[in-house]
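These notes concern the structure reproduced below.
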Amino acid sequence: MRFYLTTPIYYVNSTPHIGHAYTTAIGDMIVRNRQQRGQETFFLTGVDEHATKVYRVAQEQGLEPQEYADRIAVPWRELPKRLDAETDFFIRTSDEGHKRFVRDFLQRMYDNGDVYEDVYAGWYCVGCEAFKTDEELTEDGLCKDHLTKPEWIEEKNYFFRLSAYQDRLLALYDERPQFVLPGFRYNEARSFIAGGLQDFSISRAGQPWGIPLPWDESQVAYVWADALINYLSALTYAREGEDLRDVFWPVAHHLLAKDILRFHCVFWPAMLLSAGYEPPQQLFVHGYLLLDDRKISKSLGNVIEPLELIDVYGSDAVRFWIARAVSFGHDGSASVDSVRERYENELGNDLGNLLSRTTAMVARYRDGTVKRVEPDAPVDFDALREDVAGRMDDFDVTGALDVTWDAVRRLNQYVTAEAPWQLAKDEANDAKLDRVLYTLLDGLTALAVALHAYLPQSSAKILEALRQPAGFEWERVRNGGAVTAEGIGQAEPLFPRIELAATA
Ligand code: MSP
């Protein structure tokens, strides 16, 4: 009944783009749904500051790295808020609590005999913040992801004996077939391990920006050896006076995209084992949200500013688009135009109009009062409740929304078929009209609860417009749960039309 979810901590070499908003928004949907089902949750996000690329941007701007990081942390902190993501803590890797914990963690690995000194000579891609083998480069010696030439590095480093963990990792994967989802990502990670593991450098000698190693202060921790540990360090100082490791470790679930699979699915569990901790419970590796079939990134110049989209359409609409535009888990293309299309056609017409029509009819035909009677069942909400919960547990965030939206459409078909405006013409139909109006009120109430994780603002507005008690307990997704309501007036449009000028 406890659930801890993390997003990657994002590099702060520039401001957030829609790809970062993507993981954070999806994470919030998953966590909210768990909360609705009574689970105790903790949701962590934050920023990764000690990267070489961050250090370089600070230099370019003529700022001390810490000062640069303090400034850019502001829009990053803003991101979850603007997305209406209810995070429990925002970690920065320059937090004193994190730095202290990382030093302790690395020392444990060292004391365990898993760290040794050697000379590193090889290629380093600053875009990936990763060391590259020749096989990982193109024929021309470029990084396959960034198509840039990596830098040659030759320095004394400390290495982590990852190779010694191959058998333990394979055993872990074999014992826990759900350790990494989806299945094809599990296979990818497992075959990487089975193919043989090389030790990796966990320190940098040539960079002053970072966390000094406790046993050799002349070196700083390699950015990944510092960043991954955030998932555990945060639990030690997020709430003053509490050690949440007792509560939320190892019930941790990590969300990440496929670009950082190896670090999370291979390096991180091995580091944890070395330092004497249990591996996390599960990792979900999702695909990319692509624009024009290309990954979004600053260097490719196809960035969408998430905050601007939110300014125009509101956070609910952006969240809805994120969940629905591409199937979560897979790569998928989406256009910015499709935000508008979904806003108008699905949110505005399917859901918004259903609420407007229902409340208008209740106001006109029944003076704002709907009595609780035995409803029709155009939607089987018991089945929906189970279906959505199961899908959310499997991280099928898009599928869960799809089946919920089918229910929205069935309720619309029900209004059309029952035509309450015809029933209202003859008093002989009074009982039937009461039943239809209650069925609509009841269906919209259940839908508001079912949609809460995706549309937190609109779902609250729906309950209010229908004069139903506040609260999104999952049991309220059922038939016949709405109470007698009085004082219903025609609701304000949930998704008002947006003039084109506003988007220009
Ligand atoms: N700092 C590291 C992560 C350290 S975690 C211990 C990093 N940062 S990042 O800023 O590059 O963020 C990468 C993550 O951002 C991806 O794994 C994914 O969660 C998210 N995304 C960035 N662009 C994205 C898309 N275009 N589509 C989907 N997710 C995207 O890697």
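Restricted to region 343-444, the set of helices (runs of 4 or more DSSP H) holding at least 2 residues that are over 30 Å from LEU181 (Cα atoms) comprises 353-366, 397-418, 420-423.
In summary, LYS149 fulfils each of the numbered conditions (1) modelled with pLDDT of 95 or more; (2) over 29 Å from the mean Cα position of the chain (by Cα); (3) not hydroxyl-bearing (Ser, Thr, Tyr) with the single exception of condition (1). Scanning region 193-208 for residues that are touching a helix residue (DSSP H, G or I) at 6+ places or on another chain (Cβ under 6 Å) and either open to solvent by 40 Å² or more (accessible area, probe 1.4 Å) or at pLDDT 95 or above (or both) yields ILE193, LEU197, ASP199, ILE202. VAL388: crowded, with 20+ Cβ neighbours inside 10 Å and within 23 Å of ALA465 (Cα to Cα), yes or no? Here the answer is no, as VAL388 does not meet what is asked. The number of residues in region 85-112 that are assigned to a loop (DSSP other than H, G, I, E, B), open to solvent by less than 40 Å² (accessible area, probe 1.4 Å) and either closer than 30 Å to LEU309 by Cα or not charged (D, E, K, R) (or both) comes to 3. Here is the figure for region 445-474: residues that are assigned to a helix (DSSP H, G or I) and in contact (Cβ under 8 Å) with a residue 40 or more places away in the chain total 11. For beta carbons closer than 8 Å, sequence separation of 6+ or different chains, a first residue in region 78-96 that is within 22 Å of GLU40 (Cα to Cα) and a second that is open to solvent by 40 Å² or more (accessible area, probe 1.4 Å) and outside any loop (DSSP other than H, G, I, E, B), the qualifying pairs are ASP84/GLN457; PHE90/ARG77.
Filtering region 1-42 to residues that are open to solvent by 30 Å² or more (accessible area, probe 1.4 Å), closer than 18 Å to TYR288 by Cα and either in a helix (DSSP H, G or I) or more than 9 Å from the ligand (Cβ to nearest atom) (or both) leaves only HIS20. The single residue among LEU170, LEU197 that is in contact (Cβ under 8 Å) with a residue 40 or more places away in the chain, of a type outside the set (Val, Ile, Thr), more than 16 Å from the ligand (Cβ to nearest atom) and outside any strand (DSSP E or B) turns out to be LEU197.
In the set GLU117, GLU96, GLU86, only one residue is more than 16 Å from the ligand (Cβ to nearest atom) and under 30 Å from PRO456 (Cβ atoms); that residue is GLU86.
The values are calculated or read from the model by the stated rules, or taken from the named source; none is laboratory data. Given the structure is predicted, the values throughout are model-derived calculations rather than measurements. Every residue, glycine among them, receives a Cβ derived from its backbone with ideal geometry; neighbour counts consider all protein chains shown. The area values use the complete protein model at the heavy-atom level, side chains included, leaving out ligands, DNA and RNA. Shrake-Rupley method; radii C 1.70, N 1.55, O 1.52, S 1.80 Å.
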